[in-house]
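Asks: To start, I am sharing the structure in question, which I have written as structure tokens.
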Amino acid sequence: MDLTNLGDLVVRKSYGGDITFRVEMIEQNKAVIKGTEFRLLADAPLVDLVKVHPDTPGEKAQRAQIKATESLQRLNRDRQEQVERNRAALSSGWYMQSGEPSYFEVPGKVLHLDGDKRYLEKSLNLYEKLRIPVHGYYVTESTMPGALYQMLPSIQPDIVVITGHDGVLKNRPTSDLYNLNSYKNSKYFVEAVRTARQYERNFDSLTIVAGACQSHFEALLQAGANFASSPSRVLIHALDPVYIAAKASLTSIRDTIHVSDVLNNTISGTQGVGGIETRGSYRVGLPKLQDLSTLKVVPSM
């Protein structure tokens, strides 16, 4: 029998091998495992774990990867359509230089706090692909409210993402799913949302995306989130908060983000995420900026 080691990719026999995990910790006969595609942190007996090859993900992971690819393609199409609209609007007069519109883009700036280092890295890679300005930090869920209080005034983001790990507690003090004490980290996410909303009360000036797997959706919205997880208390994909933030960043300030459109194109869908109508934060500026990397700034005397 193969021994299970730290870092191994595994599936759980008792769940039919539907989700692929990475082994994060081993204590006696149990392992702490973390989903590679879904924001799921769990523990399992070692005898329930089966090693898998990186190229053979579980069934749910395979479907999620396909949906993730489709969602990224959709975001890229949206980005290209935005460029075409800009070209059409600025296609005359002195707005043209060498046949190209003379404008510059200002996508909404994102501040992303994540309670998981690996998921943060995946998220930052996606923001980079989409050319979205972002400040990303690994912050444990319990310290997110204090971290936001310090970061918001200096970073001044258009969009805040508050995510990590969460879940309905197995041995919860109450069976009431509307009680924050029934969740692992929802109370910290709620407090962090309140901190961000106190900083900026206008829902269109600061878009807040909050929550993780099985988070208390209603409490997050009541605290001031524009988008949150998880209406049906289901698992959400690791990149769902990023797709929503990207949509907000790349939607014009003149337009409202179509809630059904953005949610249906997340990987988890409307069971995993929900939200309210919100304006985008993408802007166009004139005239086109010079390449700042080639400019020589002469210091003042």
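Asks: Residue 85 - would you say it is basic (Lys, Arg), modelled with pLDDT under 90 and either part of a helix (DSSP H, G or I) or open to solvent by less than 10 Å² (accessible area, probe 1.4 Å) (or both)?
Replies: yes
Asks: For residue 255, which of the numbered conditions (1) in contact with a Phe, Trp or Tyr (Cβ under 9 Å, 6 or more places away or on another chain); (2) buried (at least 23 other Cβ atoms within 10 Å of the Cβ) fails to hold?
Replies: Condition (2) is where residue 255 drops out.
Asks: Looking only at the stretch 168-183, which residues are touching a residue at least 24 places away in the same chain (Cβ under 8 Å) and open to solvent by 10 Å² or more (accessible area, probe 1.4 Å)?
Replies: Within the stretch 168-183, 168, 177, 178, 180 meet the criteria.
Asks: Go through the residues of the stretch 118-125 one by one and say whether even a single one is assigned to a strand (DSSP E or B), modelled with pLDDT of 95 or more and surrounded by 14 or more Cβ atoms within 10 Å (Cβ to Cβ).
Replies: Checking the stretch 118-125: not a single residue is assigned to a strand (DSSP E or B), modelled with pLDDT of 95 or more and surrounded by 14 or more Cβ atoms within 10 Å (Cβ to Cβ).
Asks: Of a type in the set (A, V, I, L, M, F, W, C) and modelled with pLDDT of 95 or more: does that describe residue 168?
Replies: no
Asks: Does residue 247 satisfy the condition of being in contact (Cβ under 8 Å) with a residue 12 or more places away in the chain, surrounded by 22 or more Cβ atoms within 10 Å (Cβ to Cβ) and of a type in the set (D, E, K, R)?
Replies: Taking the combined requirement at face value, the residue satisfies it.
Asks: Additional query: For residues that are among the basic types (Lys, Arg) and either more than 11 Å from residue 52 (Cβ to Cβ) or part of a loop (DSSP other than H, G, I, E, B) (or both), tally how many sit in the stretch 13-23.
Replies: 1
Asks: Only one of (1) surrounded by fewer than 20 Cβ atoms within 10 Å (Cβ to Cβ); (2) within 19 Å of the chain's Cα centre (by Cα); (3) not in a loop (DSSP other than H, G, I, E, B) fails for residue 148. Which number is that?
Replies: (1)
Asks: Okay, next question. What number of residues within the stretch 184-199 are touching a residue at least 40 places away in the same chain (Cβ under 8 Å) and over 20 Å from the mean Cα position of the chain (by Cα)?
Replies: Residues flagged as touching a residue at least 40 places away in the same chain (Cβ under 8 Å) and over 20 Å from the mean Cα position of the chain (by Cα) within the stretch 184-199 amount to 1.
Asks: To continue, here is another question. Output the number of the condition that residue 120 fails; it satisfies all remaining conditions of (1) closer than 18 Å to residue 281 by Cβ; (2) within 15 Å of the chain's Cα centre (by Cα).
Replies: With respect to (1) closer than 18 Å to residue 281 by Cβ; (2) within 15 Å of the chain's Cα centre (by Cα), residue 120 is out only on (1).
Asks: Take the residues of the stretch 32-50 that are part of a strand (DSSP E or B) and either without any contact (Cβ under 8 Å) to a residue 12 or more places away in the chain or of a type in the set (D, E, K, R) (or both): which is farthest from residue 18 (Cα to Cα)?
Replies: Once the filter is applied, the top-ranked residue is 32.
Asks: Can you tell me which residues in the stretch 126-145 are part of a helix (DSSP H, G or I) and open to solvent by less than 50 Å² (accessible area, probe 1.4 Å)?
Replies: Result: 126, 127, 141, 144, 145.
Asks: While we're here: So in the stretch 267-301, with the set limited to residues that are of a type in the set (A, V, I, L, M, F, W, C) and modelled with pLDDT of 90 or more, which one is nearest to residue 104 (Cα to Cα)?
Replies: Checking each candidate, the answer is 276.
Asks: Output the residue which, of all residues in the stretch 89-114 that are assigned to a strand (DSSP E or B) and at pLDDT 95 or above, is nearest to residue 130 (Cα to Cα).
Replies: Filtering first and then ranking leaves 110.
The values are calculated or read from the model by the stated rules, or taken from the named source; none is laboratory data. Everything quoted here is computed from the prediction, not taken from an experiment. Using ideal geometry, Cβ is built from the backbone for each residue, glycine included, and neighbour counts are taken over all protein chains shown. Side chains included, ligands, DNA and RNA excluded: accessible areas come from the protein's heavy atoms. Shrake-Rupley method; radii C 1.70, N 1.55, O 1.52, S 1.80 Å.
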